[in-house]
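What follows is one structure encoded as structure tokens, with my remarks underneath.
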Amino acid sequence: MNIFQNPPLLEMTRRHFFAASGLSLGSMALASLMGEAAELAPMPRPGASTATGVGAALPQTHFPTKCRHVIYLHCVGGPSQMDLYDYKPKMRDYFDKDLPDSVRMGQRLTTMTSGQARFPIAPSIYRFARKGQCGMWMNDELLPYTAKMADDMVFIRSMHTEAINHEPAITHMQTGNMVTGRPCLGAWTSYGLGSLNQNLPTFVVMVAKPSNEEQVQAISARLWQSGYLPGEHAAVSFRAAKDPILFINNPPGVSDQVRRTTLDGLNKLNELHYAEVGDPETRTRIAMYEMAYRMQASVPELTDLSKEPAKVLESYGPDIRKPGSFAYTALMARRLVERGVRFVQIYHNNWDHHGNLTGRMPSQCKDIDQPCYALIQDLKRLGLFDSTLVIWGGEFGRTIYSQGGLSKTNYGRDHHPRCFTMWMAGGGTKGGTIYGETDDFSYNIVDKPVHVRDLHATILRLLGIDHEKFTYRYQGLDQRLTGVEKAHVIHELIA
């Protein structure tokens, strides 16, 4: 074992090393006796050609790739697939009829609908049409802009998960596990591929404010933490306010020189603490303070929209100048990846449509429709589309049956983990692909199921990473995003 290939080992004191090692020392001794080489870091496959960034765990990607950035648009609450992308015209004949037992097959229900006397089917009231050369059926009534780029997108209509409630489901979607405390997808990307701009974070999160706030879900910062990975791979959260980061600007009377002197003194104190305790997180704290100092110059330029062409601003829609709106965060996402940020996550709330779906869905779609279209066109304009993977989706889907009262013009839908739809665009995906199929009730998958871990494996593959080789040693195990169960890369989605 060569510790000079692993800088964190060089920074450990003897006391901290033995405290953190546990049973792994015995494992290392056993491996030595058996003549086996212990792999402490993921190794790239021969023939890989894509260089990674500063501080990357991988010296190069496992596979050649053009994809260097990710923009992940997460719709918190679970969008209704049959009202947006999973067209089910036969359901019009089933209005207010009970969902057949042969379709539900005893599936467990949430506490919101488990006490209902019946499960009346609620067909979508919205207009659908075939779009693009791919012929994808889409809700072009609420998503007219998105419908224009069907051939740029890959549609996965057969997503599924085991989680039936929000917290475990969104945690599963973000970290690959329903138990909290694991690194999220953005943290894994930061760890593996490193930084392309040391004046901005490698991983940024923004929480967009929906125009309708009838039923927002709580969003916990642990969704974008680094888990057992080094702390610098956690996301930096940009606020939906005038100053995206608290205290990014110097207070009145404090010059840059005073701030620099203060920071130097603080770093010396942290160095003394590190010399005494040897906690690697102290090094992370020092690095974060330095990043914050550099961001004082980079963030104001990032958030200054005065040099954006008027046509570009107009393309994102009327909310573009409202800080915190989805349109504003979408443009910020483009500006971030343009400046080298690896991973940008946007959370958009209020997709949990247990009731009044038709009263809330139009505003939700209006929030995202034009900005999503503008984002894709903007990436194309700047030559960033092939190198940026855009992901859209929620943590699960919705039921075909109504929760609560049902009428011809309104209904609600409960959580549904058995099938839902997500889409991706750019970043090496094969635009115009429609993958997977559900039954006539949008209740069960009948062709090409895609589990959450399959999605993660495919995203990593698009980034040039082999999910089976990409590991981090923690508690004596080689941990990975996709876990220990078999995950499949969906090659049909890759160009």
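The values are calculated or read from the model by the stated rules, or taken from the named source; none is laboratory data. These figures come from a predicted structure and were not determined experimentally. Positions of Cβ are backbone-derived with ideal geometry, glycine not excepted, and every protein chain shown enters the neighbour counts.
Looking only at segment 302-358, which residues are among the β-branched types (Val, Ile, Thr) and in a strand (DSSP E or B)? Talk me through it step by step, then tell me what you get.
We begin by selecting, within segment 302-358, every residue among the β-branched types (Val, Ile, Thr); these are 303, 312, 320, 329, 337, 341, 344, 346, 358.
VAL344, ILE346 - these are the residues of segment 302-358 that are among the β-branched types (Val, Ile, Thr) and in a strand (DSSP E or B).
Taking strands (runs of 3 or more DSSP E) that fall entirely within segment 108-160, which contain at least 1 residues that are over 30 Å from GLY317 (Cα atoms)?
Values: elements: 129-131, 136-138, 153-160.
Output list reads 153-160.
Within segment 320-369, work out how many residues are under 19 Å from VAL236 (Cα atoms) and of a type in the set (A, V, I, L, M, F, W, C).
11
Consider TYR274 carefully, then state whether it is in a helix (DSSP H, G or I), within 30 Å of THR61 (Cα to Cα) and not small (Gly, Ala, Ser). So that I can check it myself, show each step before the final result.
Values: in a helix (DSSP H, G or I): yes; within 30 Å of THR61 (Cα to Cα): no; not small (Gly, Ala, Ser): yes.
Taking the combined requirement at face value, the residue does not satisfy it.
Does ILE400 count as part of a helix (DSSP H, G or I), surrounded by 23 or more Cβ atoms within 10 Å (Cβ to Cβ) and touching a residue at least 24 places away in the same chain (Cβ under 8 Å)? Give the derivation first.
On the way: part of a helix (DSSP H, G or I): no; surrounded by 23 or more Cβ atoms within 10 Å (Cβ to Cβ): yes; touching a residue at least 24 places away in the same chain (Cβ under 8 Å): yes.
It is false that ILE400 is part of a helix (DSSP H, G or I), surrounded by 23 or more Cβ atoms within 10 Å (Cβ to Cβ) and touching a residue at least 24 places away in the same chain (Cβ under 8 Å).
How many residues, within segment 60-98, are in contact with an Asp or Glu (Cβ under 6 Å, 6 or more places away or on another chain) and within 30 Å of ARG342 (Cβ to Cβ)?
The total comes to 4.
Within segment 332-355, count every residue that is over 30 Å from LEU406 (Cβ atoms) and more than 17 Å from the chain's Cα centre (by Cα).
4
Being at pLDDT 95 or above, among the polar types (S, T, N, Q) and not assigned by TED's automatic domain parsing to the domain that holds SER102 narrows it down to one residue among THR421, THR471, THR438; which is it? Even if it seems obvious, please write down each step before you answer.
Numbers: THR421 fails: not assigned by TED's automatic domain parsing to the domain that holds SER102; THR438 fails: not assigned by TED's automatic domain parsing to the domain that holds SER102.
None of the other options fit; the residue is THR471.
Filter segment 473-495 for residues that are within 20 Å of the chain's Cα centre (by Cα) and in a strand (DSSP E or B); which is surrounded by the fewest Cβ atoms within 10 Å (Cβ to Cβ)?
ILE494
What about HIS416, is it farther than 30 Å from ARG92 by Cα, crowded, with 17+ Cβ neighbours inside 10 Å and touching a residue at least 12 places away in the same chain (Cβ under 8 Å)?
Values: farther than 30 Å from ARG92 by Cα: no; crowded, with 17+ Cβ neighbours inside 10 Å: yes; touching a residue at least 12 places away in the same chain (Cβ under 8 Å): yes.
Considered against the rule, which asks whether it is farther than 30 Å from ARG92 by Cα, crowded, with 17+ Cβ neighbours inside 10 Å and touching a residue at least 12 places away in the same chain (Cβ under 8 Å), HIS416 comes out as no.
List the pairs whose first member sits in segment 115-134 and is touching a residue at least 12 places away in the same chain (Cβ under 8 Å) and more than 22 Å from GLY359 (Cβ to Cβ), whose second member is among the basic types (Lys, Arg) and assigned to a loop (DSSP other than H, G, I, E, B), and whose Cβ atoms are under 8 Å apart, counting only residues at least 6 apart or on separate chains?
Matching pairs, first to second residue: LYS131/LYS148.
Return the residues of segment 202-246 that are among the hydroxyl-bearing types (Ser, Thr, Tyr) and either modelled with pLDDT under 90 or outside the structural domain of MET361 (by TED's automatic domain parsing) (or both); say none if nothing qualifies. Lay out the reasoning, then the answer.
Going residue by residue through segment 202-246, those that are among the hydroxyl-bearing types (Ser, Thr, Tyr) are 202, 211, 220, 226, 228, 237.
Within segment 202-246, just SER220 meets the criteria.
Quick one: which residue in THR171, THR189 is crowded, with 17+ Cβ neighbours inside 10 Å, of a type in the set (Ser, Thr, Tyr) and in contact (Cβ under 8 Å) with a residue 60 or more places away in the chain? Outline the logic, then answer.
Values: THR171 fails: in contact (Cβ under 8 Å) with a residue 60 or more places away in the chain.
None of the other options fit; the residue is THR189.
For segment 157-195, which residues satisfy the criterion of being over 12 Å from the mean Cα position of the chain (by Cα), of a type outside the set (S, T, N, Q) and closer than 30 Å to PHE441 by Cα?
Scanning segment 157-195 gives ARG157, MET159, HIS160, GLU162, ALA163, ILE164, HIS166, GLU167, PRO168, ALA169, MET178.
Those residues that are buried (at least 20 other Cβ atoms within 10 Å of the Cβ) and among the hydrophobic types (A, V, I, L, M, F, W, C), I need them from segment 108-134; list them, please.
Within segment 108-134, PHE119, ILE121, ALA122, PHE128 meet the criteria.
Please go through segment 61-100 and give me each residue that is surrounded by fewer than 23 Cβ atoms within 10 Å (Cβ to Cβ), aromatic (Phe, Trp, Tyr) and assigned to a loop (DSSP other than H, G, I, E, B), ordered by number.
PHE63, TYR87, PHE95
How do the pairs read when you match residues in segment 310-322 that are in contact (Cβ under 8 Å) with a residue 24 or more places away in the chain with residues anywhere that are of a type outside the set (Lys, Arg) and not in a helix (DSSP H, G or I), using Cβ under 6 Å and keeping only pairs 6 or more apart or on different chains?
Partner pairs satisfying both residue conditions: ASP319/SER325.
Is it the case that segment 353-367 has a residue that's crowded, with 24+ Cβ neighbours inside 10 Å, in contact with a Ser or Thr (Cβ under 9 Å, 6 or more places away or on another chain) and among the β-branched types (Val, Ile, Thr)?
no
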